[in-house]
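Student: I'd like to ask you about the structure that follows.
The values are calculated or read from the model by the stated rules, or taken from the named source; none is laboratory data. Keep in mind it's a predicted model, so treat the numbers as computed, not measured. Neighbour counts are summed over all protein chains in view; Cβ atoms, including those assigned to glycine, are modelled from backbone coordinates with ideal geometry. For the accessible areas, the whole protein counts, side chains as well, though only heavy atoms, and no ligand, DNA or RNA atoms are used. Shrake-Rupley method; radii C 1.70, N 1.55, O 1.52, S 1.80 Å.
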Amino acid sequence: MSKFGETGPGVPPTLCLRGVELWQSWLSPAEQQAMLAEIRAVAARAPLFVPVTPSGKTMSVRMTAAGRFGWVTDKAGYRYEPHHPDGMDWPPIPPSVLAAWEALSGSARAPECCLVNYYPPGARMGMHQDRDEADFGEPVLSISLGDEALFRIGNATRGGKTESVWLRSGDVLRMAGDARLLFHGIDRVKDGSSALLRDAGRINLTLRVVT
Ligand code: SIN
Ligand code: MN
């Protein structure tokens, strides 16, 4: 059980757009550095790989994961897998990441996947829904590290009017309840807008209950 019970986080978000909640600067610069070190350790054990969509298109992000499951995509489809494509187990979800889930998810369950998306300069992510999980009553929690990214929020069906917000290093975003299945994507990343990573780029962590 989360310390906030099943009613949601106790700390109000700094911004709410179409029900998507955002806690800006939730992580201090020191906390971001500590989390980055833990994510680098994850990627050292489970290397970033190049995801390919079921239709055969190479995605511009590089991915890995921590937890019981990792989200993968290849010509066989989108799915959660208990092993990295190279065969190893996914490393455990780092403590700093679990602490953010505990504080803000409002979920009574533990996250089963921490997907790590690395955006090299020029990378983006097309509009999509997160719908490969078994229980849409469970939230998606997303943590941004590194360069700023323009996050676009759409509707429960593809198309229609959208709204955008810049996600900055240390921001945490939650999609839950009616906002859980909204289409969303990353239009662009502002290269070099954060000094957290040695080079330009962005890391996004998404935490989910899968089963
Ligand atoms: C995602 O929707 O999978 C990633 C969102 C982000 O990079 O902020
Ligand atoms: Mn998503």
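Student: Of the residues Val172, Val140, which single one is within 26 Å of Thr58 (Cα to Cα), open to solvent by less than 10 Å² (accessible area, probe 1.4 Å) and within 12 Å of ligand 1 (Cβ to nearest atom)?
Tutor: Every option except Val140 fails the conditions.
Listed here are the residues, each with its yes/no results for (1) more than 16 Å from ligand 2 (Cβ to nearest atom); (2) open to solvent by less than 10 Å² (accessible area, probe 1.4 Å); (3) over 19 Å from Ala37 (Cβ atoms).
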{"site": "Pro82", "(1), (2), (3)": "yes, no, yes"}
{"site": "Pro85", "(1), (2), (3)": "yes, no, yes"}
{"site": "Leu98", "(1), (2), (3)": "yes, no, no"}
{"site": "Gly146", "(1), (2), (3)": "yes, yes, no"}
{"site": "Ala176", "(1), (2), (3)": "no, no, yes"}
{"site": "Gly185", "(1), (2), (3)": "no, yes, yes"}
{"site": "Ser193", "(1), (2), (3)": "yes, no, yes"}
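Student: Out of all the residues in region 37-69, which are open to solvent by 70 Å² or more (accessible area, probe 1.4 Å) and touching an Asp or Glu at 6+ places or on another chain (Cβ under 6 Å)?
Tutor: Arg68, the sole residue that qualifies.
Student: Return yes when Glu133 is away from ligand 1 (no atom under 11 Å from the Cβ), surrounded by 16 or more Cβ atoms within 10 Å (Cβ to Cβ) and not aromatic (Phe, Trp, Tyr) and no when it is not.
Tutor: Criteria met by Glu133.
Student: I need the full set of residues from region 123-135 which are more than 13 Å from ligand 2 (Cβ to nearest atom) and modelled with pLDDT of 95 or more, in order please.
Tutor: Once the filter is applied, which keeps residues that are more than 13 Å from ligand 2 (Cβ to nearest atom) and modelled with pLDDT of 95 or more, region 123-135 yields only Ala123.
Student: I'd like to check something: does region 105-112 contain any residue that is among the polar types (S, T, N, Q), under 13 Å from the mean Cα position of the chain (by Cα) and within 9 Å of ligand 1 (Cβ to nearest atom)?
Tutor: Within region 105-112, not a single residue is among the polar types (S, T, N, Q), under 13 Å from the mean Cα position of the chain (by Cα) and within 9 Å of ligand 1 (Cβ to nearest atom).
Student: Right, here's the next one. Residue check, Val72 against (1) away from ligand 2 (no atom under 15 Å from the Cβ); (2) modelled with pLDDT under 95; (3) open to solvent by less than 60 Å² (accessible area, probe 1.4 Å); (4) among the hydrophobic types (A, V, I, L, M, F, W, C), all met but one. Which one?
Tutor: Just one mismatch for Val72, condition (1).
Student: Related question: Being open to solvent by 30 Å² or more (accessible area, probe 1.4 Å), more than 12 Å from ligand 1 (Cβ to nearest atom) and among the basic types (Lys, Arg): is that true of Arg152 here?
Tutor: For Arg152, the condition - open to solvent by 30 Å² or more (accessible area, probe 1.4 Å), more than 12 Å from ligand 1 (Cβ to nearest atom) and among the basic types (Lys, Arg) - is not met.
Student: I've got another one for you. With (1) within 17 Å of the chain's Cα centre (by Cα); (2) open to solvent by 30 Å² or more (accessible area, probe 1.4 Å); (3) aliphatic (A, V, I, L, M) as the list, and Ala34 as the residue in question, which single condition is left unmet?
Tutor: (1)
Student: Do you know which residues across region 18-47 are over 14 Å from Ile143 (Cα atoms) and either part of a strand (DSSP E or B) or without any contact (Cβ under 8 Å) to a residue 24 or more places away in the chain (or both)?
Tutor: Ala30, Ala37, Arg40, Ala44
Student: Right, Gly160: on the phi > 0 side of the Ramachandran plot, open to solvent by 10 Å² or more (accessible area, probe 1.4 Å) and either more than 16 Å from ligand 2 (Cβ to nearest atom) or aromatic (Phe, Trp, Tyr) (or both) or not?
Tutor: In short, yes.
Student: Which residues, counting only those in region 187-211, are within 15 Å of ligand 1 (Cβ to nearest atom), of a type in the set (Val, Ile, Thr) and either farther than 18 Å from Glu21 by Cβ or in a loop (DSSP other than H, G, I, E, B) (or both)?
Tutor: Hits for region 187-211 are Val189, Ile203, Val210.
Student: While we're on this one: Between residues in region 120-141 that are aromatic (Phe, Trp, Tyr) and residues that are away from ligand 1 (no atom under 11 Å from the Cβ), which pairs lie under 7 Å by C-beta distance while being six or more apart or on different chains?
Tutor: Close Cβ pairs (under 7 Å, with a partner that is away from ligand 1 (no atom under 11 Å from the Cβ)) amount to Phe136/Arg180; Phe136/Leu181.
Student: Taking Leu150, is it in a strand (DSSP E or B) and in contact with a Ser or Thr (Cβ under 6 Å, 6 or more places away or on another chain)?
Tutor: Against the criterion (in a strand (DSSP E or B) and in contact with a Ser or Thr (Cβ under 6 Å, 6 or more places away or on another chain)), Leu150 qualifies.
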